[in-house]
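The values are calculated or read from the model by the stated rules, or taken from the named source; none is laboratory data. The structure presented is a predicted model; accordingly, all values stated were derived computationally and were not measured. Ideal geometry is used to build each Cβ from the backbone, glycine not excepted, and the neighbour counts take in all protein chains shown.
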Amino acid sequence: MSLTDADRQRAQQIIARYPYAKSALLPLLHLAQDRDGWVTPGAMEEVAALLGLTTAQVLGVCSFYTMLKREPVGRLVVSVCTNVSCLVNGGGELCEALKGQYAGDSDVFVEEVECIAHCDHAPAFQVNYDFHGPADAAGAADVIAQYQDRRLVARTVSGTAVEDVP
Amino acid sequence: MSPDAPTTPHETPVVTEFLRERPDDSWTMAAAREHGHAYATLAKAFQMGPEQITSQVSDSVLRGKGGAGFGTGQKWSFLPKGVFPRYLCVNADEGEPCTFKDHMLIERDPHQLLEGIIIAAFAIQTDLAFVYVRGEFALGAQRLGQAIHDAYAAGFLGKNILGSGFDLDVVLHRGAGCYIAGDETGLLSSLEGERAMPRIKPPFPAAQGVYAAPTIVNNVETISTVPSIVERGADWYNAMGANRSTGTRIFSVSGHVERPGNYEVELAHTSFRDLIEGLAGGVRGGRKVGFFVPGGASSPWLMPEHLDAPLDMDYVQGELKSMLGSGAVMVFDETTDPLLVAWRLSKFFAHESCGKCTPCREGSSWIEKVLYRMAHGQGRADDLDLLLSFGNNIVPGLNAPFAQTTICALGPSIMSPVVSLERWFREPILERLRADEARREEAVA
Ligand SMILES: Cc1cc2nc3c(=O)[nH]c(=O)nc-3n(C[C@H](O)[C@H](O)[C@H](O)COP(=O)(O)O)c2cc1C
Ligand code: SF4
Ligand code: FES
């Protein structure tokens, strides 16, 4: 059981917004990820039951989208862009350095991503989907440290503001 | 208009006017209402009625700002008469590499977008609109969510808006990370709770879209422009620009420029040079432009000799065999390796291909592999021709405008970097490939 009663109530409100319940699939997967920090197999079963789908259908959709994590990723997801405007401004080096620096840290998950539409701040990155950059490796590590000791408030790993999680 | 007509480097803010004026609170209901910025045009729109709004939008020659540049009023008029329910979907997926204007609009002027949604929904006579927001835009979703909440509270959404008898609900739908949800049919699949796989057209969304019902899909910037057109009239809008490139567009300029950012300029009377050298301050470090990508990763590249071309959609397509696409202008200095940029863009397409069509799925990853070795000193003498022969299976003939063997336009987009290499860099690349091969043979011997 991963969804709380408040989550279930929220889930029903979300489903009611759509003409067809299945449209609520992505929002409910975000909700599950807000709760658990990743989309657990149990959550997929629960979401399937709420929408009258099979677990395989839910997994099939879940596995298509990069923000939905099917393994634990820790509290902070750092997404580093290496697409062209970042590439020519040091994005590749930034990504490699951060991957190295946090390799053993189970709380910080560094991933290479495609353009996050923050190219005017290249090289750009996001921490739990809040924008940062431009930064070199030391500057980025400083930003991450502020999230680690909670001087900066991180969103959930699905990018939801903490006050919006039921 | 000819490419040598005089131009001046200045901005003409229409959709970006308010967010520039109120940098500290432009996204709040209080600020939006203070100077009659948002929602002030609703009464006029309700009085005009759906047909008059649609013809106003048609007369303005407003064209879609998401990439394809289709006439907005014309699209709305394609809805089959008398078929209900029907839906409006606003495309806020903004995944085209180096495009960063739409999330600025939802983060910093969500009420202007909502006003546009209400007017567009009334014009097409739907009572349900979706805004599909790219999953990674956390702040945008939060600000738009708050704006929707405040608009319900103020009576601009919900039942009987301003006593007009018109009802509208707006649903904010967050994506979860995938470029192909930006294609309008991929968006509809995703909104239905499926993988975001595009669908073959026809039927076009206006005939059969989400839930197989008539659906209008429009970009954020397109819809954000609608209130100004209704307020000030079609003639005001189409007096800006020229030909079939009227009004303004926001261009996202990035790469090696001094002042990367979003610039809203008048179409046709502004040139790439005005944008890149004037507004964005030119290339950093006193270097020169090597090449530039004029309209997102999907558009064929242009060269320094094209800098004086006007930002006119038909001119860029017809004369330069490229496109203004999503308005993303990526500038690379003369020291940039075009093979490296081509490889990275092809890696993007390979990663984002949804896998439904064989030429796109297989072609994108093979092209990425070959470009990787070409860019990293491992090229073979005939690699460029090898790429063109793969490409011929995706874009038969390889001539602009691209034909396609695939369901959506991502397939042909893969060929834009390759065709650009062939067009502008063939000889130096062949030389480099021959040198790579010679070096390898020497090492073996
Ligand atoms: C692969 C692909 C990706 C696209 N991505 C976007 C996008 O992120 N945002 C957008 O508005 N349009 C995007 N489009 C264009 C849409 O299919 C559609 O033409 C547009 O949303 C229509 O709105 P408009 O007429 O107002 O431009 C994309 C198209 C393709 C083929
Ligand atoms: S062209 Fe590519 S992205 Fe588009 S539907 Fe086919 S496989 Fe998917
Ligand atoms: S290229 Fe890195 S954010 Fe756009």
Check: Could you list, in sequence order, the residues of the range B:24-52 that are assigned to a helix (DSSP H, G or I) and within 24 Å of the chain's Cα centre (by Cα)?
Finding: none
Check: Which of the strands (runs of 3 or more DSSP E) contained wholly in the range A:93-143 include at least 2 residues that are within 12 Å of chain B (Cβ to nearest Cβ) and of a type in the set (A, V, I, L, M, F, W, C)?
Finding: A:125-127
Notebook entry, point to check: Just wondering, is there one or more residues in the range B:295-304 that are modelled with pLDDT of 95 or more, more than 16 Å from ligand 1 (Cβ to nearest atom), more than 25 Å from B:Asn219 (Cα to Cα) and in a helix (DSSP H, G or I)?
Noted result: yes
Margin query: Taking the conditions exactly as written (assigned to a helix (DSSP H, G or I), aliphatic (A, V, I, L, M) and without any contact (Cβ under 8 Å) to a residue 60 or more places away in the chain), does B:Leu139 satisfy them or not?
Written below: yes
Notebook entry, point to check: Considering only the range B:63-78, how many residues are more than 20 Å from B:Ser322 (Cα to Cα) and within 9 Å of ligand 1 (Cβ to nearest atom)?
Noted result: 2
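At least 3 residues that are within 14 Å of another protein chain (Cβ to nearest Cβ) and away from ligand 2 (no atom under 16 Å from the Cβ) in each: list the helices (runs of 4 or more DSSP H) lying fully within the range B:345-445 that qualify.
Values: elements: B:358-375, B:383-394, B:410-413, B:415-444.
Ranges flagged: B:358-375.
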Margin query: Need the failing condition index for B:Ser322 against (1) away from ligand 2 (no atom under 16 Å from the Cβ); (2) among the small types (Gly, Ala, Ser); (3) within 10 Å of chain A (Cβ to nearest Cβ), just the number.
Written below: (3)
Note to self: Given the criterion more than 16 Å from ligand 3 (Cβ to nearest atom) and over 30 Å from B:Lys201 (Cα atoms), identify the matching residue among B:Arg361, B:Arg423.
What the structure shows: B:Arg423
Check: Of the residues that make up the range B:214-235, is at least one within 14 Å of chain A (Cβ to nearest Cβ), charged (D, E, K, R) and either part of a helix (DSSP H, G or I) or buried (at least 24 other Cβ atoms within 10 Å of the Cβ) (or both)?
Finding: yes
Next item on the list: For residues that are touching a strand residue (DSSP E or B) at 6+ places or on another chain (Cβ under 9 Å), assigned to a loop (DSSP other than H, G, I, E, B) and within 12 Å of another protein chain (Cβ to nearest Cβ), tally how many sit in the range B:72-100.
Entry: 9
Note to self: For the range B:101-119, check the following and say yes or no: at least one residue is small (Gly, Ala, Ser), within 11 Å of chain A (Cβ to nearest Cβ) and touching a residue at least 60 places away in the same chain (Cβ under 8 Å).
What the structure shows: no
Margin query: Can you list residue pairs whose Cβ atoms sit under 7 Å apart, with the first residue in the range B:172-187 being free of Cβ contacts under 8 Å to residues at least 40 places away in the same chain and the second being within 16 Å of ligand 3 (Cβ to nearest atom) and assigned to a helix (DSSP H, G or I)? Count only pairs 6 or more apart in sequence or on different chains.
Written below: none
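For the structure I just gave you, tell me whether A:Ser23 is of a type outside the set (A, V, I, L, M, F, W, C), crowded, with 18+ Cβ neighbours inside 10 Å and either away from chain B (no Cβ under 11 Å) or over 16 Å from A:Thr156 (Cβ atoms) (or both).
The answer is yes for A:Ser23.
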Margin query: Checking B:Thr358 against (1) more than 15 Å from ligand 1 (Cβ to nearest atom); (2) in contact (Cβ under 8 Å) with a residue 40 or more places away in the chain, only one condition comes out false. Which one?
Written below: (2)
